[in-house]
Structure formats: structure tokens, C-alpha cells
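What follows is a set of notes on a single structure, which appears directly below.
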Amino acid sequence: MKLSKLFRWRKKQPAKTKTVPKPTPASSARKTASTKPASAQQSLQIIKPINVKLNIGHYRLEPFTEGGVCVVMKGIPKEPGKPKLAVKLVREQWLNHAAVRRQFSNESQIVKELHHPYLPKYLSRGLIDGKAYYAYEFIEGVPLINLSQEKDRFPPELIKDIATNIVTQLLEQLVHVQERLKPVAHGDISSENILIDSKQRIYLVDFGCSHFVKQAHKDSYQWLAKPSFISPEQAKGEIWDHRSDLYQAGILFYELVKNRRWNEGKSKREKVLFAASKERPHEDFLSDIVGRDISSIIAKLLDPNPATRHQNAKEALMDLNAIG
Ligand SMILES: Nc1ncnc2c1ncn2[C@@H]1O[C@H](COP(=O)(O)OP(=O)(O)O)[C@@H](O)[C@H]1O
Ligand SMILES: [Mg+2]
């Protein structure tokens, strides 16, 4: 169904962009805020807009949002007819970390290679003032989490269709990501990393934890999802692959349907323990809201054992489409 009704509930005030620290390498993730370099506490406000000449034209870069590791700037073109950009750069204090630099280069290569109408289009990469950046299409949308946090955003009588539509779109994007010659595991799917536009199209962003599945090595697995969306295999420090993305799609589905968090942990540690110990939900666990068929699909996505979960996005999509 069309989600045209979705935006009728939109409040006039623009939703606040919530910035959450980026997942960090497992080794540094254990550090507390106070052990971070003082510069890591630097806030977006002190990042000044700058004018830059990129190989795709002249742009004014304005600070847009920041995570623990990266800053995203909005690139306003100086010449007519050029697209707006999202420009992602590693924050100053992480530039000396070889693993962060390697992963950022990997991220930009993944974004460069993906071509799907609803994955942001790669445009350029290089150095700005000696700092690595990559630029891709700016999406005029809001993070899904901003919508779901608004009270009464999703009216109960529509939630089944809204949630199914959003998860179907996500799975279609994951089919593309998983079925290419060089399949990619995203690793950090969450309602913060999905943007939704005014036509109710969703866009998966943030390949900061991703890896090419066939090139994965031990370092690839140190990049983990946000604690609320961490998969059991990530939480246990095991090797994870594209099926971790399906678990995260299951969390998203659950959270949209129930309008509450899946992971009940309060602290980061509790969230990791929750993810590592949660059992597969009963197939009827959401039947009262979405019916038995969809409930059992969500339960299968949320199977802690990757071997008995859906094996790929296509399989989950086929199950969902079979319901009609
Ligand atoms: N192409 C884009 N267009 C518009 N906003 C974007 C785009 N890419 C990212 N963002 C916004 O910036 C936020 C941070 O980007 P992200 O890639 O998730 O960085 P981080 O690795 O710091 O989490 C996203 O949650 C989203 O709100
Ligand atoms: Mg992010």
C-alpha cells in the first residue's frame, strides 16, 4: 500500500536529528567517554562551514551531523544543476588510527560500487585539507527513528502495512547488496541508518561497519552495530555475515510494529548481554497486531541462530511477498 497517510501525522516542527556515537572498533568501544581524547568531545557547532573545490565542482560544506568516528557535512553546490552532497569525513582525532582509516576507505569503496535507485549514489572521494572524504547523493529525508519516536506517528490501524512496506523496501535493497558479484554485509542496520523521504521511499545509509563478504578477515568483524541493534553473533564476538543484517531487519520490523525497543538493556553492557542471550520468539508473538503469517516471519528473522534464520534477504522477501 501507499504510505501517503504516513506523513499526515507529521508534526510541523522538523524532527530533531539525533546523533548517536558511531560504533567503534571493539577494542576502543570499551573505553568510556572520559578516556576519549578531549577533542573527541568536540561538538558539531565548532565545525565551521568551508568552501571546497572537489573534482565534481565547487561546494560549500556545512556541518550536518556527527558520530563518534565520522562527521557528515552537507554540500551545497555553487553551480546550478549540480546535486547536493552528503560528505563524510573521519573526525580529526581518529585520523591516526590505521584501522579506522582502512575501514573508512573500505566504506567508500563499498558505497562506490553499489548501484541501486534507493541506495545513495556515490559521487566522489579524495582529500579535503589532507583528510579523506567521500561524497554521495544527499537524501532529503529524515532518519526513520525520528518518525518512530514521535507520539502517534504510526496509527495502530496502519502499522501492519507501514511496517511491512518499510521492511519490504529494506529487504529489496539488501537483495541488491547480497546478490552482487561482491556481496556486502552491512552490519549496522538500524532506524538511525535508514532515511525516509516525503514519497515514503527508504534509503539505507552508513556502510561504516560493512565488509565485502568474500574479502572478510578477522579485522572485518570488529565493526559492530549500535548496541540496541546488535545481533547475537556480533554480541558474542563471533564471525557475522549478511544474516546479521536480517536479524537487524527483524529488530526494525519488531520496533515498528510494537513501537518500543526490542533490546531491553539499559546500558551498553546490558544490551550486549540481552542480544547474546535472547531466544527465538514464539511464532505467534506478534499475531495480535500483524497476524500469524507476519508474526512468524519476524520470529524467524529474530532467530539467534543464523543457521535457522532466513538465509538471505531474497528468502525473507519471498516469504513476505507470499502473504500478499
Ligand atoms: N546521503 C545522505 N543524505 C542525507 N543524510 C544522510 C546521508 N547519509 C547520512 N546521512 C545522515 O547522517 C547521519 C550520519 O551518517 P552515517 O553515515 O550514519 O554516519 P555515522 O557513521 O557517523 O553513523 C545518518 O544517520 C543520516 O541521518
Ligand atoms: Mg550511522
Give the angle, between 0 and 90 degrees and rounded to the nearest 10, that separates the Cα long axis of helix 242-258 from the longest principal axis of the Cα atoms of the chain. 70
Remind me, relative contact order of the range 33-137 in percent, using alpha carbon pairs under 8 angstrom and six or more residues apart? 19
So for the chain, taking the charge dipole from beta-carbon charges (+1 Lys/Arg, -1 Asp/Glu), which of Ala322, Ser108, Thr164 sits furthest toward the positive end? Ser108
Would you mind checking the pairs Lys236/Lys268; Lys84/Lys182; Lys214/Lys314; Lys74/Lys214 and listing those with alpha carbons more than 24 angstrom apart? Lys84/Lys182; Lys74/Lys214
Please list, in order along the range 310-324, the HN-Hα scalar couplings obtained from phi with the Karplus expression 6.51 cos²θ - 1.76 cosθ + 1.60 (θ = phi - 60°), rounded to whole Hz, x for Gly and Pro. 4, 8, 7, 5, 4, 4, 5, 5, 5, 4, 5, 5, 5, 6, x
Gyration tensor on Cα atoms of the chain, a ≥ b ≥ c root eigenvalues, a/c under 1.5 rounded, else prolate if a/b beats b/c, else oblate, says prolate
Using θ = phi - 60° and the Karplus relation 6.51 cos²θ - 1.76 cosθ + 1.60, list the HN-Hα couplings for the range 124-137 in order, rounded to whole Hz, with x at every Gly or Pro. 6, 8, x, 10, 10, 6, x, 9, 5, 9, 9, 10, 8, 4
If one takes the longest principal axis of the Cα atoms in the chain, at what angle in degrees, from 0 to 90 and to the nearest 10, does the Cα axis of helix 98-113 lie? 70
The range 240-324: which GluC sites (Glu not before Pro) are DSSP loop and have at most 14 other beta-carbon atoms within 10 angstrom? Glu264, Glu279
Scalar couplings 3J(HN,Hα) for the range 269-276 by Karplus 6.51 cos²θ - 1.76 cosθ + 1.60 (θ = phi - 60°), nearest whole Hz, x for Gly and Pro, are 4, 5, 5, 5, 5, 4, 4, 6
If I fit a long axis through the Cα atoms of helix 287-301 and take the longest principal axis of the Cα atoms of the chain, what angle between them do I get, 0 to 90°, rounded to 10? 60
If you put +1 on each Lys and Arg Cβ and -1 on each Asp and Glu Cβ, how big is the dipole of the range 33-137 around its Cα centre, in Debye rounded to 20? 140
Please label the shape of the range 142-323 as rounded, prolate or oblate, based on the square roots a ≥ b ≥ c of the eigenvalues of the alpha-carbon gyration tensor (a/c under 1.5 means rounded; beyond that, a/b larger than b/c means prolate, else oblate). rounded
For the chain, what is the calculated [θ] at 222 nm in deg cm²/dmol (nearest 500), taking -39500 (n - 2.57) for each run of four or more DSSP H residues and dividing by its residue count? -9500 deg cm²/dmol
Scan the range 157-248 for GluC sites (Glu not before Pro) in coil per DSSP, keeping those whose Cβ has at most 14 other Cβ atoms within 10 Å, and list them by number. Glu238
Under the rule rounded for a/c under 1.5, else prolate if a/b exceeds b/c, else oblate, using alpha carbon gyration tensor axes a ≥ b ≥ c, the range 239-324 is classed as oblate
Name the residues whose placed amide hydrogens come within less than 5 Å of the amide hydrogen of Lys121, ignoring near sequence neighbours (fewer than 5 apart) on the same chain. Glu137
So what's the net charge close to Gln215: Lys and Arg +1, Asp and Glu -1, counting the other residues with Cβ under 14 Å from its Cβ? +1
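Bear in mind these aren't lab numbers, they're just calculated from the coordinates by the rules spelled out. If you're wondering where the values come from, they're calculated on a predicted model, not measured in any experiment. Note that each Cβ is placed from the backbone with ideal geometry, even for glycine, and that neighbours are counted across all protein chains shown.
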